[in-house]
Each structure stands twice: as C-alpha cells, then as structure tokens.
1. I'm checking my understanding of the structure. Among residues of the range 202-249 that are under 19 Å from residue 367 (Cα atoms) and open to solvent by 30 Å² or more (accessible area, probe 1.4 Å), which one is modelled with the highest pLDDT?
2. Looking at the range 38-50, which of its residues are under 27 Å from the mean Cα position of the chain (by Cα) and either at pLDDT below 95 or within 21 Å of residue 74 (Cβ to Cβ) (or both)?
3. Could you tell me which residue of the range 324-380 is nearest to the ligand (Cβ to nearest atom), considering only residues that are hydroxyl-bearing (Ser, Thr, Tyr) and open to solvent by 10 Å² or more (accessible area, probe 1.4 Å)?
4. Considering only the range 261-278, how many residues are more than 16 Å from the ligand (Cβ to nearest atom) and under 23 Å from residue 185 (Cα atoms)?
5. Identify, by number, the condition in (1) farther than 30 Å from residue 14 by Cβ; (2) more than 16 Å from the ligand (Cβ to nearest atom); (3) modelled with pLDDT under 90; (4) not β-branched (Val, Ile, Thr) that residue 308 doesn't meet.
6. Would you confirm, using the coordinates I've provided, whether residue 6 is more than 14 Å from residue 341 (Cα to Cα), in contact (Cβ under 8 Å) with a residue 24 or more places away in the chain and open to solvent by less than 50 Å² (accessible area, probe 1.4 Å)?
7. With 22, 75, 44 as the choices, which residue is among the basic types (Lys, Arg) and more than 27 Å from residue 385 (Cα to Cα)?
8. Hey, does the range 43-62 have a residue that's surrounded by 15 or more Cβ atoms within 10 Å (Cβ to Cβ), within 11 Å of the ligand (Cβ to nearest atom) and assigned to a helix (DSSP H, G or I)?
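The values are calculated or read from the model by the stated rules, or taken from the named source; none is laboratory data. Values in this document were obtained by computation on a predicted structure and should not be read as measured data. A quick note on method: Cβ atoms are made from the backbone with ideal geometry, for glycine too, and the neighbour counts reach across all protein chains shown. Protein only, heavy atoms only, side chains kept; ligands, DNA and RNA dropped before computing areas. Shrake-Rupley method; radii C 1.70, N 1.55, O 1.52, S 1.80 Å.
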Amino acid sequence: MEQKKFAKSALSKDAFKSYVPKIVEEIVEYFNTSSFYYGGKDDKKSGVAGVLLSQSQLTIFTASRTLLGDEVRSKLDTNFASYYADLDKGFTPINFVFPHLPLPVYWKRDAAQQKISNTYKEIISKRRKEGNIDATQDLIGSLMANAVYKDGERMTDQHIANLLIGILMGGQHTSATTSSWALLHLGQRPELIEALYQEQIDVCGIDSDTNKINSITYEKLQDMTLLNDTIKETLRLHSPLHSVFRKVMNPLQVPNTNYIIPKGHYIMVSTGFTMMSEEYFKNASHFEPRRWQDPSSIPAASNSSKKEESIDYGFGAVSKGVSSPYLPFGGGRHRCIGEQFAYVQLGTILATFIRELTWTVDKLPEIDFESMITLPKEPALINWTKRN
Ligand code: HEM
C-alpha cells in the first residue's frame, strides 16, 4: 500500500497538465511515421490500421514519454522495445498459477526484466548524480523523491526499478485495449465521431489566425463530456481485466449458502458481469456513451455510487464499498492507482484521432477472453481517412 502512495506525485493534476502536450506530440509523430498511418508520405490520405498493434505501440510511447521521461522514451526507438515485448509474452494466465515453470518464454521474460530494470537503475543513478530529483517530473522522479517507508527505510534503486516495471505493465494492456475498443465502436457510429469533433470545437474553440481547433489541455479535457463518457462506456462493455483474484485469508462463507471457502484458496471475481447486466444498464449490450447523461438509463449504477463512503488505504481516498455495479478499476485495497492517468491518456489519444481522422469499421471483432485482458480478436481494423 505504501508503494502506491510513492507514485502519487506523478499521478497528480500538476503532472497531468504537463503530460497532455507530450501525449499529443507523440500521437502526431506516430501518425506521421507509422506505416499504419501516413508513414512519412504527406500525400497518403487514407489507409487501414490494425488497432491491436498500433494502439499498443501508441500506449507504450505515450506512457513512457510521460511517466518515465525522455531518456526512456528515446530508447523505445531501438532494440529496447523488443524487451517490453518479451516481458509481455511471459504475462499469461498460466503464469498466475505456475510462475516458475521451465518455459523459454519465461526465460526470455526474466532476461528482459533484468535488462529493463538495469536501464531504469542507470537513469536513476544519473539523475541522482546530477541532483535532478523532481517529484512531479515523472514516475521515476516521484519514486526517487517519495519512496521512504513509514519505518524510515528507503526503497533501493532495484526496488524502484521493479516497481516502475510493475506500474507500467499495469497500465499498458488495459489502456491499449480500451482505446482499441473505443476506436472500433466509434468506427461503427459515424454520427458519434462527428458529435465528438463538434465537441472539440465547442470546448476548445477555433484559433482565428490558423483556423485550427485550439490545443487540448488538461483543463479542457475535463469539459469534454461526450469524450469522457465514450471512455466510460467502452470500459463498461469491455472491462479490460475480466477477472480479479483474491487469496482467502480466513474461511469465508458464501452469502446465503452453506458453502465455506477454505483459507488459502483463491476466488475469482468477474467485475464485467454486472456492467453487462440488464438489471443495471438498459440495453446493456449496446454501445451508447450518451447513457451516462441519462440517469434513467443507469439507475442502480448512479444511485449506488452516491451512497458509497470513502476510505484511504494509504494511497488516497477511494470508495469504501464495492457495491457499485460499475467497477472497471476494481475496488478496495488493490484498487487501480492509474484511473486518472488512464482518462488523461485515453482522452488525449481519442481527441487527437477525432481531430485528425474520420474512420469506419466494417465488422466489430469478437472478444478474445483467452489472455488476462479482454482483447478484440484479429482482424481488428479501422479504415481511416485524413480530415481536410
Ligand atoms: C483503462 C485503464 C485501466 C484499467 C481498466 C485498470 C484496471 C485495474 C483494476 C481492475 C485493478 C485492480 C486489480 C485487482 O483488484 O486485483 C487495477 C490495479 C492496478 N492498476 Fe490499473 N487499470 C488501468 C490503467 C492503469 C494505469 C494507466 C496504471 C499506471 C499508471 C495502472 C496501475 C495499476 C496498479 C499499480 C494496480 C495494482 C494495485 C494493487 O495491487 O494494489 N492501471 N487496475
């Protein structure tokens, strides 16, 4: 719990304000260079992008640039990116049950973990030598400045490096799959893409000199109601973590039954179940971001969140209970620390897509539940056209 608190400065409003322009810069650069988009060809006006790979790349580029700083981001254009891929491949459901099997993917994962953590340690030690310790600069700065436990013990650089990897991995697939699903659903709803474009104009205004929409800022993002509701609705339909696990610490009776779950067993909870239930959401299987502005469409969800008391487990106040039917970021002690960052990252990514492109999707992909994350099954393609 204390480690979650150490990350707080990098996940604060002040930090987010500096992240937004960096995220925009990364996306524009990606459009200009990636073969999924313009790929260095100014005259390329349309194309097809596979969102599984492209959104995953965009997520790692934007998260690294903001949370880990320019030093780490610059390395992602080199072989370093392949270490992240190796790390990823070792993150499978079987890993949860058997973390130490003699599998080649695990050996590669562990080698990648070593190389990445050594790089982070070098950056930490360089910054320390230069006296460059700024808690709000990024996550490395936040951990370097804050990582002292209540008993006075300071986290070692090795532990900071390991924690950096853990936090980054916590946000990678969850955010990448959310932006993929959002693009896929929007591609089937051209009128929503246009409403979101209009929202960009209404909230940010047009610069009279350039005739372009003014830049996205953290403050403006908060006023983009339809955009934020699009993210919220995507998370309802495609909760990225379909299951969360808890170890039973004391014998636990299943409510209203005689069943006792013994100590030491694991229980698995599917938070996506209630989010997809007609009991709480009218036309639950329908993608409708505007439902969040219509209390009659979400009665139980809106009521229960109002009743929740909050509690601070040491990393900021979160709602105490888990009775809300809408829990994409989990609940209780292990609740996500990245929710606000995810909204900033996803909001900026989607707003930039809306400003630069229009797109369509021929067929919504099926859902792949086989990994730890609810991914769209391949092919997951958008047919994009550059605006103007
Ligand atoms: C759409 C994006 C995201 C979703 C849906 C999501 C969802 C979740 C959920 C459901 C949990 C709880 C897991 C459990 O109870 O076992 C969790 C935990 C966590 N998340 Fe996120 N997350 C997202 C983005 C992020 C980002 C961007 C970061 C980092 C910047 C992050 C960092 C973490 C960490 C460190 C934990 C572990 C907390 C703990 O074990 O105490 N997440 N997330």
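1. Step one: of the range 202-249, the residues under 19 Å from residue 367 (Cα atoms) are 230-244.
Checking which are open to solvent by 30 Å² or more (accessible area, probe 1.4 Å) leaves us with 232, 241-242, 244.
Details: 232: 96, 241: 91, 242: 84, 244: 86.
Of everything passing the filter in the range 202-249, 232 is modelled with the highest pLDDT.
2. 39
3. From the range 324-380, those hydroxyl-bearing (Ser, Thr, Tyr) are 324, 326, 343, 348, 352, 358, 360, 371, 374; that's our starting set.
Subsequent filtering for residues that are open to solvent by 10 Å² or more (accessible area, probe 1.4 Å) retains 324, 326, 343, 358, 360, 371.
Working: 324: 13, 326: 12, 343: 8, 358: 24, 360: 24, 371: 15 Å.
Among those that are hydroxyl-bearing (Ser, Thr, Tyr) and open to solvent by 10 Å² or more (accessible area, probe 1.4 Å), it is 343.
4. 2
5. (1)
6. Working: more than 14 Å from residue 341 (Cα to Cα): yes; in contact (Cβ under 8 Å) with a residue 24 or more places away in the chain: yes; open to solvent by less than 50 Å² (accessible area, probe 1.4 Å): yes.
In short, yes.
7. Details: 22 fails: more than 27 Å from residue 385 (Cα to Cα); 44 fails: more than 27 Å from residue 385 (Cα to Cα).
None of the other options fit; the residue is 75.
8. yes
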